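Structure first, commentary second.
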Amino acid sequence: MSELRAGMLVVATPALLDPNFVDAVVLLLDADDDGALGVVVNRPTPVAVADVLGAWADVVAEPEVLFQGGPVGTEGALAVALLRDADAAPVGFRPVEGRLGLLDLDTPVELVEDTLEGLRIFAGYAGWGAGQLEAEVAEGSWYVVPGEVGDVFRGDPTGLVRDVLRRQPGELAWHATRPVDPDLN
């Protein structure tokens, strides 16, 4: 099992039946002894960013919609940003991993738009208490794998689970082609 840390992905296994996380790919934004926090990166909503956060409409990556980040705090929004230059972080940016980080949406757009290569806005987030995610991983509910920037800013998140698993070494890659219900195979 890979280490749970910021920048890693947790990918739901078939054993995870919680409807909030079936077929979910979660980017971990923070993971420590107090718990973990992340956003589901493969759940676009039909809500256009322009309709709720108009100032950011021209800055977000396509599709220009809000993503359902998770079941916690759904009235709030988290913005995951990719810097053009890791050494030129704008005001309101908190690094997560490399050029990837969180951006405070109260920051004036004009102060950051030229520093960003990508931006995605999530309604809500996924959160786990101390030891909870580790226990779910141990029981077989999540695969823990390295994330790539393209996973977060993918234009079409359909098939993300398959593609993330396919690039993994060893037997984990086989899960990319598993049927929805293996008993029917």
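Structure summary
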{"read-out": "Residues satisfying the stated conditions in the range 145-161, i.e. surrounded by fewer than 19 Cβ atoms within 10 Å (Cβ to Cβ) and in a strand (DSSP E or B)", "value": "P146"}
{"read-out": "Qualifying residue in the range 94-102 (condition: of a type in the set (D, E, K, R), open to solvent by 70 Å² or more (accessible area, probe 1.4 Å) and not in a loop (DSSP other than H, G, I, E, B))", "value": "yes"}
{"read-out": "Some residue of the range 76-93 being of a type in the set (V, I, T), surrounded by fewer than 21 Cβ atoms within 10 Å (Cβ to Cβ) and within 21 Å of R154 (Cα to Cα)", "value": "no"}
{"read-out": "Hey, L172 surrounded by 15 or more Cβ atoms within 10 Å (Cβ to Cβ), in contact with a Leu (Cβ under 9 Å, 6 or more places away or on another chain) and farther than 23 Å from P71 by Cβ or not", "value": "yes"}
{"read-out": "Residues within the range 90-102 that are of a type in the set (G, A, S) and either at pLDDT 95 or above or under 14 Å from L119 (Cβ atoms) (or both), tallied", "value": "2"}
{"read-out": "Residue among G38, G76, G70 that alone is free of Cβ contacts under 8 Å to residues at least 60 places away in the same chain, out of contact with any Lys or Arg (no Cβ under 6 Å at 6 or more places or on another chain) and either acidic (D, E) or at negative phi (or both)", "value": "G76"}
{"read-out": "Per-region count, the range 106-143, residues without any contact (Cβ under 8 Å) to a residue 60 or more places away in the chain, open to solvent by 40 Å² or more (accessible area, probe 1.4 Å) and not in a helix (DSSP H, G or I)", "value": "3"}
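Yes/no per residue for (1) closer than 26 Å to V161 by Cα; (2) touching a Lys or Arg at 6+ places or on another chain (Cβ under 8 Å):
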position: V10; (1), (2): yes, no
position: D23; (1), (2): yes, no
position: L27; (1), (2): yes, no
position: A31; (1), (2): yes, yes
position: A55; (1), (2): no, no
position: L83; (1), (2): yes, yes
position: A86; (1), (2): no, yes
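The values are calculated or read from the model by the stated rules, or taken from the named source; none is laboratory data. Not measured: the values here are computed from a predicted model. Note: ideal-geometry Cβ built from the backbone for every residue, glycine included; neighbour counts use all protein chains shown. These accessible areas exclude ligands, DNA and RNA; they are computed on the full protein's heavy atoms, side chains included. Shrake-Rupley method; radii C 1.70, N 1.55, O 1.52, S 1.80 Å.
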